Amino acid sequence: MQHPPPLPAPAWPEPSPRPHGGTALRLTDLLSIREACLRLAAAAQRELLVFSRDLDPDLYDQLPFLDAVRRLALACPRSPVRALVFEPLAPVRTGHRLIGLSRRMPSRIAIRRVAEDFRTRVDAYLISDDTGYCLRRLADRHAALVEWRAPGAARRLRADFDEIWEHSDEDIELRRIDL
């Protein structure tokens, strides 16, 4: 069986100059990436977008992160938190708390399974308010590029997210509520 050629890599955000003359922050360990994701989630006032293979439990199934998501979801109407996940069954089986939260707040937190056309992607990212982002070009590595105030780069990532979102559907495993 022939597989279609992989999709071209998206135009990655280039590091933008920081006010003091540096570039985006490059992180190389899990704890730093977790702290950056928490900081981005806590700073979100309108929207938080997650693109992940399995909802990265080391990042997104942590109580401080979930508290920030809950706060945002309660403060903003109409799905301020959206996540795209490649394989929803693994986080469902392990009881990922973001999925549980989405089941309790379905109008505020939406999770979809990534459409087949986009399943060759190897990146992962989090976007906060079209302003900041944490990008891992290789989702299975602890290396990330983070920018707190980079609206241009965040908007490019959001356009990528929105395209995938429009082609993706909610998975039955994500909707099911265990009684």
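Values quoted throughout were computed directly from the atomic coordinates according to the rules given, and no laboratory measurement underlies them. This one's a predicted model, so the numbers in the text were calculated from it and none came from an experiment. Every residue, glycine among them, receives a Cβ derived from its backbone with ideal geometry; neighbour counts consider all protein chains shown.
Using C-alpha pairs below 8 Å separated by at least 6 residues, the relative contact order for region 48-137 is 35 percent.
Once you sort the root eigenvalues of the Cα gyration tensor of region 28-106 as a ≥ b ≥ c, which label holds: rounded (a/c under 1.5), prolate (a/b larger than b/c) or oblate (the other case)? Here region 28-106 falls in the oblate category. Scanning residues 5 or more positions from Ala24 or on other chains, those with amide H under 5 Å from its amide H are Ser16, with H placed 1.01 Å from N in the peptide plane. Couplings for region 154-162, taken from phi via the Karplus curve 6.51 cos²θ - 1.76 cosθ + 1.60 with θ = phi - 60°, read 5, 5, 5, 5, 5, 4, 4, 4, 4 Hz in order; Gly and Pro are left as x. Sequence-ordered 3J(HN,Hα) estimates for region 25-40 from the Karplus curve with 6.51, -1.76 and 1.60 and θ = phi - 60° stand at 7, 9, 10, 10, 8, 4, 4, 5, 5, 4, 5, 5, 5, 5, 4, 5 Hz, glycine and proline given as x.
Seen through its C-alpha gyration tensor, with square-root eigenvalues sorted a ≥ b ≥ c, region 110-179 comes out prolate because a/c lies at 1.5 or above while a/b is bigger than b/c.
For region 25-175, the relative contact order is 29 percent, taking Cα pairs closer than 8 Å that sit 6 or more residues apart in sequence and dividing their mean separation by the residue count.
Close amide H contacts of Asp123 (hydrogens built in the peptide plane, cut-off under 5 Å, sequence separation of 5 or more or a different chain): Ala139.
Amide hydrogen proximity for Arg108: with H placed 1.01 Å from N in the peptide plane, the residues at 5 or more positions away or on another chain lying under 5 Å are Ser79. When each of the peptides 147-157, 123-133 is scored by how many other beta carbons lie within 10 Å of its residues on average, the order from highest to lowest is 123-133, 147-157.
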